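To keep things clear, I will list the structure first and then write my remarks on it.
Each reported figure results from applying straightforward, stated rules to the coordinates on display, with no laboratory input. Keep in mind the model is a prediction, meaning the values are calculated, not measured. Don't worry about glycine lacking a Cβ; one is built from the backbone with ideal geometry, like all the others, and counts go over all protein chains shown.
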Amino acid sequence: MLRSIYTKALRDYRAAILGWGLGLALMLYANIAGFATQITTPRARAEFAQLAQTFRFLAEPVEVTTPTGFATWPSSGSCRSSSASGRASPGPA
């Protein structure tokens, strides 16, 4: 017998939770692998950092010249813009 409805919900949806986790991990891996193969030279990294500045309205481009910084930058921007309400602050200027 489960002690709370929360643990019952986790048990009932454990396959879906695992599927979503594995799917998101696969997408993150593909994003990092794609960046590592596409942007290899220092010049390409500098050009991409300059391009990222034009999309500052999504999120502040911090360390976008590294694979992990690139992987987290677009997703943080899309999460902010999709969850923002009319009264929310647009973030740092």
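Has region 57-67 got any residue that is part of a helix (DSSP H, G or I) and loosely packed, with under 13 Cβ neighbours inside 10 Å?
No: region 57-67 contains no residue that is part of a helix (DSSP H, G or I) and loosely packed, with under 13 Cβ neighbours inside 10 Å.
From the set of residues in region 36-53 that are in contact (Cβ under 8 Å) with a residue 12 or more places away in the chain and within 18 Å of the chain's Cα centre (by Cα), which is surrounded by the most Cβ atoms within 10 Å (Cβ to Cβ)?
Result: 52.
Looking only at residues in region 24-35 that are of a type in the set (Gly, Ala, Ser) and surrounded by 11 or more Cβ atoms within 10 Å (Cβ to Cβ), which one is nearest to residue 51 (Cα to Cα)?
Among those that are of a type in the set (Gly, Ala, Ser) and surrounded by 11 or more Cβ atoms within 10 Å (Cβ to Cβ), it is 34.
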